[in-house]
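Colleague: Just dropping this structure here.
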Amino acid sequence: MQFDSGKELIQKCEKLKKSIAEITLMQEMEHYEATKKEIEKKIILMLKIMDKSSKEALSNPVLSLSGMIGGEAQMAWKYGKKKPMSGKFLMEAMAMALSTAEVNASMGRIVAAPTAGASGILPAALMALRNQMNLALKDLIPGFLTATGIGIIIGKHSTFSGAEGGCQAECGSAAAMTSAAIIALKGGTPKQCLDAASIALTNIMGLVCDSVAGLVEYPCALRNANGVVNSFTTADLVLAGITPLVSFDEVVEAMYKVGKSIPYTLRETGLGGVAATPTGCTIRKKVFGK
Ligand code: SF4
């Protein structure tokens, strides 16, 4: 059950009267020559890792190897109890995204979905929805598979690499995958999933990779918090009936072309953007010496 594009995926969903998650499951079974049970077992394993990483830094700061980040998840989580402007739900989701980012920056165990740098977005959204909708871990499988389906298409036609396409390729792809997953878990249609993926990716189009000292810490952690917000707000806009002008497939192609036109200084080299500010340079020297 291969699909090469969003258009093809929707056609398969309509023809077979199946969801994106079901079509993706069929393709995964075929690809890995595995049974449904075997695939679901692996997904549950990854969901358990996501669950742990999104909670690990909420009560105790997890310091990054360079010391650049650590403690932000706990601060956001605590602040979430004080009637934040963006609401408790989004604040807690941001805290969970920061938690996984902290765990990643300390070389802890995460699920790269789709990359380590952007590993906080999908788990935070899934676990926030789990709490909100009172779901069991296994109930998140359709969301995970929907995100996988979107990721497969991005991987075929574009890139997930910050070094190749900037942060839009990492956090943008993660937000697109996550927004589609949210729609799926909220009972939206396959077309709405792709619409959300299109908008979430468009929202972040052109975002450069300017990680300070070339380390996946800052601004990466904050961009994971921002990515989960992008995913939820986009999903809400789509569920409200708003549709994108440009299809998901075209946005994916555009993201790739934009990535190719981003100068190398802004693609994970630590030489541009916030990495090249006086503060960024001072930190770089402190971490790596002259
Ligand atoms: S800034 Fe660069 S390293 Fe950090 S998450 Fe984005 S793409 Fe990854």
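The values are calculated or read from the model by the stated rules, or taken from the named source; none is laboratory data. Note that the coordinates shown come from a computational prediction; the quantities given were computed from them, not determined experimentally. Please note: Cβ atoms are built from the backbone with ideal geometry, for glycine as well, and neighbour counts cover all protein chains shown. Only protein heavy atoms, including side chains, enter the accessible area calculation; ligands, DNA and RNA are left aside. Shrake-Rupley method; radii C 1.70, N 1.55, O 1.52, S 1.80 Å.
Colleague: Looking at the range 184-212, I want the residues that are on the phi > 0 side of the Ramachandran plot and have a partner that is not polar (S, T, N, Q) with Cβ atoms under 6 Å, at least 6 apart or on another chain. Which pairs are those?
Modeller: Listed pairs, sorted by first residue: GLY206/VAL258.
Colleague: Of all the helices (runs of 4 or more DSSP H) wholly in the range 125-242, which have at least 1 residues that are within 14 Å of the ligand (Cβ to nearest atom) and among the hydroxyl-bearing types (Ser, Thr, Tyr)?
Modeller: Filter on the range 125-242 gives 173-185.
Every residue, every condition in (1) among the aliphatic types (A, V, I, L, M); (2) open to solvent by less than 20 Å² (accessible area, probe 1.4 Å); (3) more than 13 Å from the chain's Cα centre (by Cα), yes or no:
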residue	(1), (2), (3)
ILE121	yes, yes, no
LEU126	yes, yes, no
ARG130	no, no, yes
THR146	no, yes, no
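Colleague: Could you check THR100 against (1) of a type in the set (Ser, Thr, Tyr); (2) open to solvent by less than 20 Å² (accessible area, probe 1.4 Å); (3) away from the ligand (no atom under 16 Å from the Cβ) and say which number it fails?
Modeller: (3)
Colleague: Does the range 68-75 contain any residue that is polar (S, T, N, Q), closer than 16 Å to GLY120 by Cβ and open to solvent by 10 Å² or more (accessible area, probe 1.4 Å)?
Modeller: Scanning the range 68-75, I find at least one residue that is polar (S, T, N, Q), closer than 16 Å to GLY120 by Cβ and open to solvent by 10 Å² or more (accessible area, probe 1.4 Å), so the answer is yes.
Colleague: Out of (1) more than 14 Å from the ligand (Cβ to nearest atom); (2) open to solvent by less than 20 Å² (accessible area, probe 1.4 Å), what's the single condition that is false for LYS88?
Modeller: Looking at each condition in turn, LYS88 falls short on (2).
Colleague: Name the residues in the range 49-67 that are open to solvent by 30 Å² or more (accessible area, probe 1.4 Å) and closer than 10 Å to SER99 by Cα, would you?
Modeller: LYS52, LYS55, GLU56, SER59, ASN60, PRO61
Colleague: Name the pairs: first residue in the range 154-169 and without any contact (Cβ under 8 Å) to a residue 40 or more places away in the chain and open to solvent by 10 Å² or more (accessible area, probe 1.4 Å), second residue within 14 Å of the ligand (Cβ to nearest atom) and part of a loop (DSSP other than H, G, I, E, B), Cβ to Cβ under 6 Å, at least 6 apart or on different chains?
Modeller: Final answer for the pair search is none.
Colleague: Also, I was wondering about something else. If we keep just the residues of the range 243-264 that are outside any helix (DSSP H, G or I) and farther than 15 Å from ALA175 by Cβ, which is nearest to the ligand (Cβ to nearest atom)?
Modeller: ILE262
Colleague: Another question about this same structure. Return the residues of the range 43-89 that are among the hydroxyl-bearing types (Ser, Thr, Tyr), under 22 Å from the mean Cα position of the chain (by Cα) and more than 12 Å from GLY108 (Cβ to Cβ); say none if nothing qualifies.
Modeller: SER86, the sole residue that qualifies.
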